[in-house]
Amino acid sequence: MCGVGGIVHLGGAVERSRLVRLRDALRHRGPDGDGIHEAPHVGLVHTRLALVDPAGGAQPITSPDGRYTLVYNGEVYNAAELRAELADRWTFRTRCDAEVVLAAYVSWGRTAPARFNGMFAFFVWDAVTATGFAARDLLGVKPFVYSYTGGELVFASEAKAILAVQAARPRGRITALVEYLAAPCYSGVETPMFEYLEYLAPGHLLHVDRDGVRVERWGAHDLHGATDDVPAAELLAALERAVTRCLIADAPVGLFLSGGLDSTALAAAARRAGATLPGFTIAFADQDQFDYRRSRIVIADDEPFAALAATELGLPREIIHADRTHLAADLEHLARTNDALPAWEQELAQHHLARAAARTCKAVLVGDAADETHYGYHFLLDPAATLSPRCVLVRFAVPIVAPALADVTAQLDARYRALTEAAGHSWDTPTARTLATTWLVVHRWLPRLLHNGDIHAMAHGLEARVPFADTELLALARRIGPAVALAGGVEKAALREALRGVVPELIRTRRKSALPKDQAVAAIYQREATRLLDDTGDALASLVDLAAARELCASDRPLDERERATLFRMISLAHWQRTYAVQL
């Protein structure tokens, strides 16, 4: 995994100083090497995290005839098969998958991404036609953000890298910021939080030439046409192949081990493939005494289950203790790291886990995408939660928006309903509503989750690998409809059945519980929010109901889970605005 960036300016030259700033802003993503490619009208930059072919995988990489140059971020796990298929038309000089991606594009053009099984975001420059081509993987595991103004395209793996080469002070995109406050789980994925920046959507291509930028879809995780006929053995075999592919590396690979079904399944599949991965588990002080009965999504203490998984599977495990005394500094770090704004308190856990794992590993397997693609959220079993898009929003967020924006939840409800209907779903029947809600989970919730996983891992030079985003496994998941996936009133029922006898039974039947968050931080949030609102309240007044926010900050005010999360986002917004000097 790496950091990629570039500037295309067909009306003139590209200044090297801007390329250097672009590269340096991505240094954390690739501490093992870097490169700059300069040519008429284009400059490409790359920072490398070397997991495969450390000696031969330097980028940017150019075709032998000098025509095509690639910068690439990700892992294509079927690179060996593609290499064999391309051998009669390409003489390979390296073992890295980047060269396979370049050869595939040169050979197959815009159809190449559909042949890749993995996670990727890449850009290829054609020096003969003076055109550029970019593509992003099916679910959006790897990021690609760009700006196109005045005939100039600037792209990068992170928005803050583009800000580093722009002359103007960044402006906040108000619609995206309002969505962040009212619908954090769906925010920051359709459009960046900054004006004039865009995300290349998952499963999409981008073309740039003298006529401008064009974007089109190359693939989608389509929920239509489920046949409910995937045998458990077939699903398990596909999962094991996905995990085996994700173990390909010339560097140490670990695992984020929560003790949930997904991470335990990855650990078990890796063991069956002959690999014993070191596990990393987050722990908060006194978490065994938290009141999980009032929690919406973290419903149990993970530690006993993680211990059970490690013991039963024979895994070495490190418990990562989150020190509450450093929480104020950690909150500022999160907002500086996550240029899409921290949406969930669990990002604190991701930060601590990634920092610890990066000391000994260069990659970790994570269970992301399992719940979203296998019907893993228990609110899908609650008819009241799927009546309309707004039902999920109010379940997890208490929006404290400026009085002029009071109807924002209704507006977002209509917008999300329109998005699902445009994708061919309806809200007319219980089954249709489950599918429509799942479409939103896959296309809005999951990209946000994957963005967070990527940006917090790469802040520490760590690659997060996502076996449940394997294209073979996704194809099987699309065949399983809600009737089977939620059979017996149990979320993820088909996947649970496939894992019978593979993971400890107590974990196989355990109800879904999200990555832990610290329930004992309300007083710290209240102090930090008060301090930041005193400093930046005027800047946030157009977005935030400051009176309501200050009411939550009262030292004698107990906070429930949603109110605590609201203060977390208030703090994140204030830090983000100050860090990037954002005009609102």
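Number of residues in segment 1-54 that are under 24 Å from Asp137 (Cα atoms), of a type in the set (Gly, Ala, Ser) and not in a strand (DSSP E or B): the value is 3.
Here's a check for you: in segment 198-232, which residue that is without any contact (Cβ under 8 Å) to a residue 60 or more places away in the chain and farther than 30 Å from Glu497 by Cβ is farthest from the chain's Cα centre (by Cα)?
So in segment 198-232, the residues without any contact (Cβ under 8 Å) to a residue 60 or more places away in the chain come out as 198-199, 211, 214-217, 231.
Okay, now just the ones that are also farther than 30 Å from Glu497 by Cβ, so 198-199, 211, 214-217.
On the way: Glu198: 16, Tyr199: 13, Asp211: 32, Arg214: 24, Val215: 21, Glu216: 21, Arg217: 19 Å.
By that ranking, first place goes to Asp211.
Reported count of residues in segment 189-235, each being under 18 Å from Leu473 (Cβ atoms) and touching a Lys or Arg at 6+ places or on another chain (Cβ under 9 Å), is 12. Per the conditions (1) touching a Ser or Thr at 6+ places or on another chain (Cβ under 8 Å); (2) within 23 Å of Glu240 (Cα to Cα), the sole criterion not satisfied by Gly376 is (1). Here the condition is being of a type in the set (Gly, Ala, Ser) and open to solvent by 10 Å² or more (accessible area, probe 1.4 Å); of Gly488, Gly481, it holds for Gly488 alone. Among the residues of segment 24-31, are any open to solvent by less than 30 Å² (accessible area, probe 1.4 Å), farther than 22 Å from Ala135 by Cβ and modelled with pLDDT of 95 or more? Looking through segment 24-31, at least one residue is open to solvent by less than 30 Å² (accessible area, probe 1.4 Å), farther than 22 Å from Ala135 by Cβ and modelled with pLDDT of 95 or more.
Every listed requirement among (1) buried (at least 24 other Cβ atoms within 10 Å of the Cβ); (2) on the phi < 0 side of the Ramachandran plot; (3) touching an Asp or Glu at 6+ places or on another chain (Cβ under 8 Å); (4) outside any strand (DSSP E or B) is met by Ser263 save one, (3).
Consider segment 266-295. How many of its residues are acidic (Asp, Glu) and in a loop (DSSP other than H, G, I, E, B)? Counting residues in segment 266-295 that are acidic (Asp, Glu) and in a loop (DSSP other than H, G, I, E, B) gives 2. Given the structure, is Val521 modelled with pLDDT of 95 or more and surrounded by 17 or more Cβ atoms within 10 Å (Cβ to Cβ)? Judged against the criteria, Val521 is a match.
Considering only segment 274-281, I want to know if a residue exists there that is among the aromatic types (Phe, Trp, Tyr), over 30 Å from Gly150 (Cβ atoms) and open to solvent by less than 20 Å² (accessible area, probe 1.4 Å). Yes, some residue in segment 274-281 is among the aromatic types (Phe, Trp, Tyr), over 30 Å from Gly150 (Cβ atoms) and open to solvent by less than 20 Å² (accessible area, probe 1.4 Å).
Could you go through segment 85-93 and let me know if any residue there is open to solvent by less than 40 Å² (accessible area, probe 1.4 Å), out of contact with any Pro (no Cβ under 6 Å at 6 or more places or on another chain) and β-branched (Val, Ile, Thr). No - not one qualifying residue is present in segment 85-93.
Please go through segment 65-101 and pick out each residue that is in contact with a Ser or Thr (Cβ under 8 Å, 6 or more places away or on another chain) and at pLDDT 95 or above.
First, the residues of segment 65-101 that are in contact with a Ser or Thr (Cβ under 8 Å, 6 or more places away or on another chain): 68-70, 73, 86, 89-90.
Correct list: Tyr68, Thr69, Leu70, Asn73, Leu86.
Screening Gly11 on (1) under 17 Å from Ala130 (Cβ atoms); (2) of a type outside the set (Val, Ile, Thr); (3) open to solvent by less than 70 Å² (accessible area, probe 1.4 Å) shows it passes everything except condition (3). Among all positions in segment 294-305, there is no residue which is crowded, with 24+ Cβ neighbours inside 10 Å, in contact (Cβ under 8 Å) with a residue 60 or more places away in the chain and of a type in the set (A, V, I, L, M). Looking only at segment 417-433, decide whether some residue is within 28 Å of Arg564 (Cα to Cα), open to solvent by less than 50 Å² (accessible area, probe 1.4 Å) and touching a helix residue (DSSP H, G or I) at 6+ places or on another chain (Cβ under 8 Å). There is no residue in segment 417-433 that is within 28 Å of Arg564 (Cα to Cα), open to solvent by less than 50 Å² (accessible area, probe 1.4 Å) and touching a helix residue (DSSP H, G or I) at 6+ places or on another chain (Cβ under 8 Å).
If the condition is being in a loop (DSSP other than H, G, I, E, B) and of a type outside the set (A, V, I, L, M, F, W, C), then segment 84-139 contributes Asp88, Arg89, Thr91, Arg93, Thr94, Arg95, Asn117, Thr129, Asp137. Taking segment 41-67 as the range and being touching a residue at least 40 places away in the same chain (Cβ under 8 Å), open to solvent by 30 Å² or more (accessible area, probe 1.4 Å) and not basic (Lys, Arg) as the test, the residues that pass are His41, Pro54, Gly66. Confirm whether Glu463 is open to solvent by 20 Å² or more (accessible area, probe 1.4 Å), out of contact with any Cys (no Cβ under 7 Å at 6 or more places or on another chain) and acidic (Asp, Glu). Against the criterion (open to solvent by 20 Å² or more (accessible area, probe 1.4 Å), out of contact with any Cys (no Cβ under 7 Å at 6 or more places or on another chain) and acidic (Asp, Glu)), Glu463 does not qualify.
Evaluating Ile319 against the criteria (1) open to solvent by 20 Å² or more (accessible area, probe 1.4 Å); (2) part of a helix (DSSP H, G or I) leaves one unmet condition, (2).
The values are calculated or read from the model by the stated rules, or taken from the named source; none is laboratory data. What you see is a predicted model; the values in this text were computed from it and never measured. Glycine gets a Cβ as well: all are built from the backbone with ideal geometry, and neighbour counts include every protein chain shown. What goes into the accessible areas is simple: the full protein's heavy atoms, side chains included, and nothing from ligands, DNA or RNA. Shrake-Rupley method; radii C 1.70, N 1.55, O 1.52, S 1.80 Å.
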